[in-house]
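Scroll down for the structure; my scribbles are underneath it.
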Amino acid sequence: MALMKEIGLKGGQMKNKRDINRALFMLQAQKVVYKVKQNPIRWEIHEEYRKNGVPRISNDERAPFKLMHNIKFKSTKVPKYGPVHGEYRPNTPDLMTLITKRPFSRYEKPQYGELTPAMEEY
């Protein structure tokens, strides 16, 4: 909430949070901020961004954005599909497929002899 007030959002924008969430997720894609807590959501500056040094902040209350020319971000667009932050979970193999690894064919090849149905009961 304090971040939205500092940026200068109005009442309806603060209530909906649509604009600020889009901006924060875009900054998350560029590794400028990251989520510390999920509910209630809390953001902090990312270590990748902090590594090169954080830009100075204006102490003048009448001109809080006086030094904003020091901050540069690459121009990006919101992706049409997928998460806005662009990070997906790593693919992990499904546990059940690892446990029950069966051949796709219903015929198993015995060591000697001809092909016989695997599900055939004797």
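Would you list which lysines come within 21 Å of residue 15, measuring only between C-alpha atoms, while excluding same-chain residues fewer than 8 positions from it?
The qualifying lysines are 5, 35, 37.
List every residue whose amide H lies under 5 Å from the amide H of residue 33, counting only residues 5 or more places away in sequence or on a different chain, with H placed 1.01 Å from N in the peptide plane.
28, 46
Going Cα to Cα from residue 74, which lysines come in below 17 Å? Please leave out same-chain ones fewer than 8 positions away.
List returned: 31.
Any chance you could look up the accessible area of residue 9 with a 1.4 Å probe, heavy atoms only, rounded to 10 Å²?
40
If you take the square roots of the eigenvalues of the alpha-carbon gyration tensor of region 1-40 and sort them as a ≥ b ≥ c, do you get rounded (a/c under 1.5), prolate (a/b over b/c) or oblate?
On the way: a/c = 1.97, a/b = 1.61, b/c = 1.22.
Prolate.
Can you pull the one-decimal nm distance between simple spin-label points at residue 56 and residue 72, each 7 Å off the Cα toward Cβ?
Reported label-point gap for residue 56 and residue 72 is 1.8 nm.
Rounded to the nearest 10 Å², what accessible area does residue 1 have for a 1.4 Å probe in the complete protein model?
Approximately 140 Å² for this residue.
The values are calculated or read from the model by the stated rules, or taken from the named source; none is laboratory data. Bear in mind the structure is a predicted one, so any value in this text is a computation, not a measurement. Reconstructed Cβ throughout: ideal geometry from the backbone, glycine too, with neighbour counts over all protein chains shown. Accessible surface is based on the protein model in full, side chains and every heavy atom, while ligands, DNA and RNA are left aside. Shrake-Rupley method; radii C 1.70, N 1.55, O 1.52, S 1.80 Å.
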